[in-house]
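The values are calculated or read from the model by the stated rules, or taken from the named source; none is laboratory data. Computed from a predicted model, the values in this text were never measured in an experiment. Please note: Cβ atoms are built from the backbone with ideal geometry, for glycine as well, and neighbour counts cover all protein chains shown. Side chains included, ligands, DNA and RNA excluded: accessible areas come from the protein's heavy atoms. Shrake-Rupley method; radii C 1.70, N 1.55, O 1.52, S 1.80 Å.
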Amino acid sequence: VQLQASGGGWVQPGGSLRLSCAASADTFSRYTVGWFRQAPGKEREFVAAFRSTGTRHYADSVKVRFTISRDNAKKTAYLQMNSLRPEDTAVYYCAADSSLILSSIPYENQYDHWGQGTLVTVSS
């Protein structure tokens, strides 16, 4: 499956952005979709995931502020980001996999398919 992330940009602290991840697979509903981010000089880290079973998972750093959702009919996943902070500045990537188990969700090496990344900059 091919993934196309979009929606990044510049926003002031406290602002909001919604990222989108459009997939090419007709079987999109069977995939777990994850969002990861990589800040300058840091390793890529898990942000959120939406399993094909319907459960959602978040990194502690974004709980309450970020919401992951998906529209299987549109083959698209979203990441709504509210109350953004400068430390949220990063390139955000979406990823997908059709056979993830629960314990593998936060680990980027468990995802077979990746989008190209979209830059989010939070600054005043």
Using a probe of 1.4 angstrom, how much of the accessible area of the stretch 33-74 is carbon and sulfur, in percent?
46 percent
Which of the aspartates and glutamates could a cross-linker span from Lys42 if the Cα-Cα distance has to be under 18 Å and same-chain partners fewer than 8 positions apart are dropped?
Asp60, Glu87, Asp88, Glu108
Pair Thr53, Ser123: separation of 7 Å Cα→Cβ label points (nm):
4.2 nm
Neighbourhood charge, 12 Å Cβ-Cβ cut-off, centred on His57 and excluding it, Lys, Arg +1 and Asp, Glu -1:
+2
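Could you tell me the relative contact order of the chain? Use alpha-carbon pairs under 8 Å, at least six residues apart, and round to a whole percent.
Values: 302 pairs, mean separation 45.9, N = 124.
Worked out over the chain, it gives 37 percent.
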Distance in nm between label sites at Gln110 and Asn82, each 7 Å beyond Cα in the beta-carbon direction?
2.8 nm
With every protein chain in place, the stretch 75-124: carbon and sulfur % of accessible area (1.4 Å):
48 percent
